[in-house]
Amino acid sequence: MNKKKLLVVSQHYYPENFRINDIVAGFTEDGYAVDVLCGMPNYPEGEWFPGYSGKGPKYEEHEGVRVFRSGEIRRKNNTSLRIFLNYVSWPISAFFRILRLKGDYDAVFCYNTSPVIMCFPAIRASRKFRAPLTTYVLDLWPENLYSVLNVTLRPLRSLARCVSNWHYNRADKLIAISESLKERLRERVKDKTKPIYVVPQHAEDFYTGQIPNKELEESFAGKTVILFAGNFSPAQNLEGVIRAVAKAQSRGFEDIHLLLLGSGMSQTSIENTIKEEKAEQFVTLYGRVDAQEIPRFTTVADVTIVSLAALEDFKLAVPAKVASSMAAGKPIIASLDGEGAQAITAAECGFVAPAGDEDALCDCLLRFKQLDASSREELGKNAADYYKNHYARKTIIKKLAEVILT
C-alpha cells in the first residue's frame, strides 16, 4: 500500500526550534510521507543560522523528510519594520516556490503561527494539488499581531481583520488549540458548518527526561531555582516576572534565583529591568540553548514559571510552555489568564496569578517558598499526570493526522 503523502506548510522548521519539527517527525514515524515547505532559518534572533542565507539552500533532506525552502527577509534586529517585512516576504516567496513544486499530495497541512498570511502558499498548494487544506491555528490574527506591532489606525486594523478572515475561510478544516479559540474561529468563518476541531499543543517526549549536570548543580547549590525557558518577547512580560521576583527576594525569599533560558526581541528590555531592579545577584540570563538541552536545566529547577501579558486574546489558549513544564514533572507558577490558568488549576500543579499582576505573582512565589519538600513533589507529580492525560505526544500527533486525512 502506498504511503499517504502530506505537504506541511510552515515558515519555521528545523533547525529553528518550533513544535512543528516534532509533529513532522511523528507523522513520519507513523508511516506518512512528508514534504515540508518552509523558510530560511533566522528566528528568533533575526540572523541566518550557520549554513543558510537568503539565497539557500533551497532543498535539503532532514530525517527522511524532503524540505523545500523559499527566501524571506530576515528579522535582523527585530524592529517593527523588519518583523513586518519578514511577515510579508515569506508568503510571497513561498507562493512562487509552490508553482515549481511537483507532487501528488493527499492533504496539505498549514502549521499557522504568526503571521496568518503564512496560510497563503498553503491555500495555493491546496488548489494546485487538489488536496484538502487543514490549518492548525496557534496564533489568532489579527489579535496576535497587536501584541507585537502597535497598530492603532482603524483602517489598518480593519484591513488586517479582513485579510485574516479571508485566510481562515479558505481552509477546508480548521484546528484550534482550545475550546475558546474554536468558538472565536466559529465567529470568523462564513460557513458555519466548516469543521473546526480542538487539538491542544503537545510536549515533546524529551521534556520528560532528567539530565543531571554537576556543573549546574554546583552553580545553583543552595538556591531555589525558578526556571523560564523560551522566547523573550513582549507577549511573555518577563520584565514583570523579574520585578515580582525582586519583590519576593526583598520580602524574605532570600535564596530565590530566576534562571532565564532563551533570547528574542525583548532581550535589551529584560537586561535593563535586571539593572533597574539591582537583580544581578538573583537573576541569570543564560542565553539560548537547544530544546533537547532544556532537561539539564529543569533537573536543577525547583519550579517553572509561565507568564503572558494581560491581553484579552491570550486567554484563548494554553501556552505550549505549560505542556512542556508539566511533562518535566515540575510545579508551575504562572502569571496568566483564561485557558492556561484553568489548566494549571485543574491539574493542581502550582499557583496562578492574574496576568500582569506583579504583587499577586510575588505572593505566589512566597506561597511556594513555604511548601515543604513533599508538597512540592506532589505538585510535580500532579503536573506529570496531567501531561500524560492531556498533552502526550503520541496521542496528540495521532489525532492531528486523523483530522488532516479524514
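The values are calculated or read from the model by the stated rules, or taken from the named source; none is laboratory data. This one's a predicted model, so the numbers in the text were calculated from it and none came from an experiment. No Cβ is skipped: glycine too gets one built from the backbone with ideal geometry, and neighbour counts run over all protein chains shown. We work out accessible area using only protein heavy atoms, side chains counted, and drop any ligands, DNA or RNA first. Shrake-Rupley method; radii C 1.70, N 1.55, O 1.52, S 1.80 Å.
Quick notes on this one:
- Scanning region 276-300 for residues that are part of a loop (DSSP other than H, G, I, E, B), open to solvent by 50 Å² or more (accessible area, probe 1.4 Å) and closer than 30 Å to residue 209 by Cβ returns 288, 290.
- Restricting attention to region 325-352, the residues that are free of Cβ contacts under 8 Å to residues at least 40 places away in the same chain and not acidic (Asp, Glu) total 11.
- Applying a threshold of 7 Å to beta carbon distances and a minimum spacing of six or more residues, or different chains, the list of pairs starting in region 200-223 at a residue that is outside any loop (DSSP other than H, G, I, E, B) and ending at one that is open to solvent by 80 Å² or more (accessible area, probe 1.4 Å) and of a type outside the set (Ser, Thr, Tyr) reads 206/292.
- Whether a residue is under 30 Å from residue 199 (Cα atoms), part of a loop (DSSP other than H, G, I, E, B) and in contact (Cβ under 8 Å) with a residue 40 or more places away in the chain was assessed, and residue 44 passes this test.
- Taken together, the residues in region 360-406 that are touching a Cys at 6+ places or on another chain (Cβ under 9 Å) and among the basic types (Lys, Arg) amount to 1.
- Test: residue in region 301-308 that is within 24 Å of residue 207 (Cβ to Cβ), out of contact with any Pro (no Cβ under 6 Å at 6 or more places or on another chain) and open to solvent by 10 Å² or more (accessible area, probe 1.4 Å): yes
- Contact map, region 103-116: residues that are among the aromatic types (Phe, Trp, Tyr) paired with residues that are assigned to a strand (DSSP E or B), Cβ distance under 6 Å, separation 6+ or inter-chain. Pairs shown: 105/5; 105/7; 109/6; 109/8; 109/134; 111/136.
- Hits in region 168-182 (condition: surrounded by 14 or more Cβ atoms within 10 Å (Cβ to Cβ) and either over 16 Å from residue 119 (Cα atoms) or among the aliphatic types (A, V, I, L, M) (or both)): 171, 174, 175, 176, 177, 178, 180, 181, 182
- Region 348-406: number of residues that are aliphatic (A, V, I, L, M), outside any helix (DSSP H, G or I) and under 30 Å from residue 196 (Cβ atoms): 3
- Candidate set from region 128-137 (those that are touching a helix residue (DSSP H, G or I) at 6+ places or on another chain (Cβ under 8 Å) and either among the polar types (S, T, N, Q) or not in a strand (DSSP E or B) (or both)); member that is most open to solvent (accessible area, probe 1.4 Å): 128
- For beta carbons closer than 7 Å, sequence separation of 6+ or different chains, a first residue in region 169-195 that is at positive phi and a second that is surrounded by fewer than 13 Cβ atoms within 10 Å (Cβ to Cβ) and of a type outside the set (Asp, Glu), there are no qualifying pairs.
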